[in-house]
Each structure stands twice: as structure tokens, then as C-alpha cells.
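Here's the structure, in C-alpha cells; my notes come after.
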Protein chains: 2
Amino acid sequence: MKKIGKQTFKIKDDVFIRDVYTIVGAKEGEGPLKDKFDMIVNDDLWGEDSWEKCELKFQKTAVEKLMERNKLEKSNIDLLISGDLLNQITSSSFAARDLQLPYIGVYGACSTMALTMGLGSLIIDGGFAENIICVTSSNFCSAERQYRLPLEMGGQRHMSAQWTVTGSGAVWLSNKGSGPRVKNVTFGKITDLGVKDANNMGAAMAPAAYDSIKQHMMDTGVNYDLITTGDLGTVGKGIVNKMFIEDKMSIQDKYDDCGTIIFDIEKQDVHAGGSGCGCSATVFGSFLFKKLLNNEINKLLFTSTGALHSPTATLQGESIPGIAHCIGIEN
Amino acid sequence: MKKIGKQTFKIKDDVFIRDVYTIVGAKEGEGPLKDKFDMIVNDDLWGEDSWEKCELKFQKTAVEKLMERNKLEKSNIDLLISGDLLNQITSSSFAARDLQLPYIGVYGACSTMALTMGLGSLIIDGGFAENIICVTSSNFCSAERQYRLPLEMGGQRHMSAQWTVTGSGAVWLSNKGSGPRVKNVTFGKITDLGVKDANNMGAAMAPAAYDSIKQHMMDTGVNYDLITTGDLGTVGKGIVNKMFIEDKMSIQDKYDDCGTIIFDIEKQDVHAGGSGCGCSATVFGSFLFKKLLNNEINKLLFTSTGALHSPTATLQGESIPGIAHCIGIEN
């Protein structure tokens, strides 16, 4: 068995992260990572007639550009694994329709990037595939109107609310190559401490992040140079730090959150920071992956965190379950 | 590589289907398979205060009963892979919360049962897990109000419309055992011939079923005793037969559709037949799996078919993409 500890899968042969292509919207393109993205789209509809169709174009283009840059043909790709925030993951399904690749759709809310990469790594290491593309996307406008309120209402946002990243990141995983590779994968359990506030997703996800990261570290014993969560924002990041300190396992000096990296929290009026599947996807591709390539870090624990928030369930009095999946990446 | 042909993954070591637990609602419990289900629930809310909560109870109970019957402890189960039709796959997420198992959520609409079984088989054969539970569910009432119209409206249903099965099926996959085992898995590509009618899902899914089944048969060359699709109903089943006949590959004599098996189409007023994730899941568990156990058939091509229908996308003028995943099972 390639299982180590209680919950972690060891990637025995190397699964290489060959390349990542990132596309973001205007606001993300004005943030601290502006020089690191592959493409910035300033028009919030990108010539489409709805935000949903625009999001689908982000995801499809990310995959096409990734394939183009690496001279990959459709026949080279064994599987496309993708997901997004929209009901029926339409961005993923419609992108998969246009891309015409064998397709596995997943739903993990904002945990999707790590979920797809984890699945892809297991399938490649299992000897089934040579090349897999993992992709996810989110869009501020399509997410706000589906999960919260119509943008046209111009409602005031809570200070604990986060700003859904408009962006897509597409990852090429391969059984051949060199450089950063996936070594260990931990799929999380649902953690739900009863948060019911759709404007405080960070608090809903933080306990899941703590649980999965702790389990991954106990299972693997790897001493990571950097540990990141997907989109906890300032509120959730604070909670994770506090939970580890209380547990006498301080990770503060090497822990950061993609939702606080992608925006300038002070200047960009994003309140608690970035969120959405596109958050950890684009921060990974533009920033973390490049840190690995440049040997600035050699061991990264990449964690995507998801608040499995359902407006219907919330109206029925349910709380918001959280989940976090961890991908241990090493040079 | 364990890939054969263009699109099929060969399960090298055996992945055994150890047991399947099925729960259905009252209408399904009055149909031709009434004596074959493990549990029939006659109350359409099962003591819960919403149909969504009732559906979650179906899924959670199916897994609990499956574990109970097989004396499985949580510590024996490496992964739970599940999905359903509801937005944010809430039945799956909330069931996973209560079950406290490491969780992979997928979205494949009605193709979910085969999607979860395919993923589970790859992960076990890849050497990562010993035991995986795959589960899915659907509920007529929760699906109608999410995808179509409020039930309270009492609208007349189209003759091509299908009846979403209220039910859940939970499958235990293991690397040990005897009996029926997964041998080949084909994940489908999206096929979309432009059907935009949410009351004719069978027609939307049929081309995908044809495409995946044909690809699977070309890749594997296996001569199956029985080929089933998930929930095409009478309309979609007719289209699949026609497509194969036009292709000079008649499968008519050994092909059937779970949506036409689960209900008595003439007497039960279900129009074109059953649909929903729960359709192929409960027909597999109650009927097809038992045919394999009894050696009535020895080679089954189990295909779940999904119409990735989104009310939002339909309102924006989009058509309904179809997908089908195939699981080749042999004794």
C-alpha cells in the first residue's frame, strides 16, 4: 500500500508538475502578483454576454494556452480533471465540451485545485495516465450572484467577507520531467464547527485546514519550507495560526494564505482577502510554483480549502461544512 | 501504462465489488424491482423537514447500512467518493460530514455512480487504498424544484420527461475478495448535439452513451453479456439503439437501460422512465449486481449517463452537454 499514516497517499514514482498557466481579471491584475500572471483580462465580460460564459472562457483558454505553450496535442492528454463554483460546475463541463478530452468533473468548492491535482497524481502514479490537465476557475460576478446577492443591488459587504478571485489556473501533471513533483496527497475530512454566515467563509474553512495540515504533517513527517492554504483570508488565517499555537505546533513563520497573497488587503478594498477556486489556482501557478522552480523553496505544502456552502442548505438552517486537501510538493 | 486503446484504463489487479446497499422511495418500491431493494422508505420526507435533508439521510443511511452489514469500521475505509444532483452536491457533503471519512466529491449529474466507481477502482488498483465506498443519491422532489418547476404548481409533464428516482446506492470496492470485479474503466468525453429541452434529457444523453460504449468496446474487445445505460429512458434508449444500428454494430439484443428497468413504464405514469443518479445506482445494486452474483450474466458493461443540465446555462441559451462513463465488470 502507498498509504502512509492515517490519511495520506504516498506518490511512489514521481509525478511532475510540468507547467501551470494562469489567467486573472483586472482587480487581480492590479494586485501584488500583477507581473507574475500569464494573462490579465481587463474586460469583465471578455466579449461574452454573461459572467458565466466569461468564466468558461477563462477556464477553456487556460487549458488551450497551457497546451499551446507546451506543444501538447489532445491525443497526448489522457484526462481532464476540473471543477468550479457554479451550480452543475458549468464552467468545467462546457470547457470540457469544447476541449473534447476525457473528463472527470469534481466539486470541492474552493478546495478544487488541490482536489484535482491530488486525483491526477494518484491516477498517474497508479500507472493509468502519462499526462493529465487539472484546471479550475472562479469569477467574482458569477459567484456573488449565485451565492450571495445581485451585484446590481450594490449592498455593503461585511468586513469578514472575501473577494472571489476572477481567474483560472491550469496545471499539467506528467509522469516524465524534472523539477517540482507531487510526493504526498491528503484528502480531507469534512470539518464543521457550525458557522452559518456566508459572509465569513474563512472561519468556516479554518478548522478543516488545521485538521488536514496537521494530519498531513503527522502522516509524512516532512519539514516544509512553506505551507499555504487556499483562501482563508485574514480571518481564517488568524484562526489557523491560533489553532496550531494552542496545539503547541506553531507554523506561523512558514505559513501563508493565498487569499492574503493575491490582493493588497489594505489598498484593494477586498476586506478579508481573496477566495474562490481561482484563488489558490492562480497563486499557485503565478507565485508558489515559480518559487519552487527558482529554488527559493524546495518543499511546499499546498492546501486548497473549501467552504461547501449551499444557499439552499443555509436557508434550511444548516451550517457550512469545510474541507481541505493537501498536496505535498518537493523539488 | 494500464491504458488500452484510446480512452480506457485497464484494472490490472482485481478490484472487487464486495457489496452494494440500496434504499429507494415509495414509487420505486412499487416497481418491478420491489423485492430486490435493501430498504424501501414510504414517507417522502422520512421524518425530515425538507426533501434535501431527506435525500441526505438516504445517502448517509445507505453507507451506514453497507458498513454495518459488512462489519466495516471507519478505520477500514480509506476514502468516500460521492456526488449527487443538488447544487454544491449537498447530500454528499453533508453525508460525508456525518460519516467523517476522507472525502472526494464529484459532479457528473446522473453519470455519478459509474464516475465514482471508476475513480475508486483506479485508486485501489494504483495501490493507494484497500477499501473505498462509492455512493450517490437522487430525490424526485428535490430535483424537480431545483431543475424544473415547483411541485406545488402541479404542472403537466412532457411525455419525453423522465421521473427522477428517489434512491441511493452505496458500493463497497476492495482489493480483496471474490466475485464480480471491475476490469476496465472508460471516462467519457462530453457530447453535445444541441438539445436544449430540459424535458428531454434522454435525447441529450444518448449520443454520449453511444460514444463511450463504442469507445469502450473498441478499446477492450470484450464481448459483454449485458450492456446497460444509466437513465436514458425510452426516448434515449431508442436513440442509442438507432445509432448503433446505423453504425452496423447492433447491440439491441443485449442492451437495456436502468431508467426503463426500475419502473413499469406503462403502469407507473413515469412517462419516458426513471432518471437521476439514484437510478443506475439502485438498479445496479438491486438487480445487475445480483445477476452477476448469481452467474446469470458474467460480463456486464455498466454505463452511467449524465445530462449536465444547468438551469442558468439553459436560460442563457446554452444546450445540455451529455457524458457517459463505462465500467466493465466481470465475474
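The values are calculated or read from the model by the stated rules, or taken from the named source; none is laboratory data. Since we're looking at a predicted model, the values are computed, not measured. Every residue, glycine among them, receives a Cβ derived from its backbone with ideal geometry; neighbour counts consider all protein chains shown.
Taking the criterion of being closer than 30 Å to A:Asn76 by Cβ and in contact with a helix residue (DSSP H, G or I) (Cβ under 7 Å, 6 or more places away or on another chain), would at least one residue in segment A:155-166 satisfy it? Don't jump to the end; show me each part of the working.
Applying the first criterion (closer than 30 Å to A:Asn76 by Cβ) to segment A:155-166 yields A:165-166.
Remaining after also requiring in contact with a helix residue (DSSP H, G or I) (Cβ under 7 Å, 6 or more places away or on another chain): A:165-166.
Yes, because at least one residue in segment A:155-166 is closer than 30 Å to A:Asn76 by Cβ and in contact with a helix residue (DSSP H, G or I) (Cβ under 7 Å, 6 or more places away or on another chain).
Among B:Leu66, B:Leu33, which is the only one that is under 18 Å from the mean Cα position of the chain (by Cα), touching a residue at least 24 places away in the same chain (Cβ under 8 Å) and either within 22 Å of A:Val106 (Cα to Cα) or part of a loop (DSSP other than H, G, I, E, B) (or both)? Even if it seems obvious, please write down each step before you answer.
Working: B:Leu66 fails: either within 22 Å of A:Val106 (Cα to Cα) or part of a loop (DSSP other than H, G, I, E, B) (or both).
Matching residue, one of B:Leu66, B:Leu33: B:Leu33.
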### Query
Which is away from chain A (no Cβ under 14 Å), under 29 Å from B:Lys3 (Cβ atoms), under 19 Å from the mean Cα position of the chain (by Cα) and among the basic types (Lys, Arg), of B:Lys290, B:Lys237, B:Lys299?
B:Lys299
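Against the definition (more than 11 Å from chain A (Cβ to nearest Cβ) and within 25 Å of B:Tyr147 (Cα to Cα)), how does B:Lys34 come out, yes or no? Walk me through how you get there before you give the answer.
Details: more than 11 Å from chain A (Cβ to nearest Cβ): yes; within 25 Å of B:Tyr147 (Cα to Cα): no.
Criteria not met by B:Lys34.
Filter segment B:45-63 down to the residues that are assigned to a helix (DSSP H, G or I) and within 14 Å of chain A (Cβ to nearest Cβ) and list them by number.
Result: B:Trp51, B:Glu52, B:Lys53, B:Cys54, B:Glu55, B:Leu56, B:Lys57, B:Gln59, B:Lys60, B:Val63.
How many of the residues making up segment B:71-90 are over 12 Å from B:Trp172 (Cβ atoms) and touching a residue at least 40 places away in the same chain (Cβ under 8 Å)? Steps first, please.
First, the residues of segment B:71-90 that are over 12 Å from B:Trp172 (Cβ atoms): B:73-75, B:82-90.
Subsequent filtering for residues that are touching a residue at least 40 places away in the same chain (Cβ under 8 Å) retains B:82-87.
Summing the residues that are over 12 Å from B:Trp172 (Cβ atoms) and touching a residue at least 40 places away in the same chain (Cβ under 8 Å) in segment B:71-90 gives 6.
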## Note on the structure
Residues of segment A:128-141 being outside any strand (DSSP E or B) and within 17 Å of the chain's Cα centre (by Cα), in sequence order, are A:Asn139, A:Phe140
### Query
Do we find that A:Leu293 is over 19 Å from A:Thr136 (Cβ atoms) and modelled with pLDDT of 95 or more in this structure?
yes
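For residues that are of a type outside the set (Phe, Trp, Tyr) and within 15 Å of B:Asp256 (Cα to Cα), tally how many sit in segment B:215-242. Don't jump to the end; show me each part of the working.
Here is the first cut: in segment B:215-242, the ones of a type outside the set (Phe, Trp, Tyr) are B:215-223, B:225-242.
Filter once more, so that each one left must be within 15 Å of B:Asp256 (Cα to Cα): B:225-242.
Summing the residues that are of a type outside the set (Phe, Trp, Tyr) and within 15 Å of B:Asp256 (Cα to Cα) in segment B:215-242 gives 18.
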### Task
Please enumerate the residues belonging to segment B:155-184 that are within 23 Å of B:Ser92 (Cα to Cα) and either touching a Leu at 6+ places or on another chain (Cβ under 6 Å) or of a type in the set (A, V, I, L, M, F, W, C) (or both).
B:Trp163, B:Val165, B:Ala170, B:Val171, B:Trp172, B:Leu173
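What strands (runs of 3 or more DSSP E) lie completely within segment A:146-261 and have 3 or more residues being surrounded by fewer than 23 Cβ atoms within 10 Å (Cβ to Cβ), at negative phi and at pLDDT 95 or above? Even if it seems obvious, please write down each step before you answer.
Numbers: elements: A:167-174, A:181-186, A:226-229, A:255-257.
Those strands (runs of 3 or more DSSP E) do not exist here; none qualify.
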### Query
Among A:Thr22, A:Thr8, which is crowded, with 17+ Cβ neighbours inside 10 Å, out of contact with any His (no Cβ under 9 Å at 6 or more places or on another chain) and either of a type in the set (Val, Ile, Thr) or in the same structural domain as A:Ile323 (by TED's automatic domain parsing) (or both)?
A:Thr22
### Query
Across segment B:85-127, what is the total count of residues that are outside any helix (DSSP H, G or I), surrounded by fewer than 24 Cβ atoms within 10 Å (Cβ to Cβ) and either touching a Phe, Trp or Tyr at 6+ places or on another chain (Cβ under 6 Å) or more than 7 Å from every other protein chain (Cβ to nearest Cβ) (or both)?
0
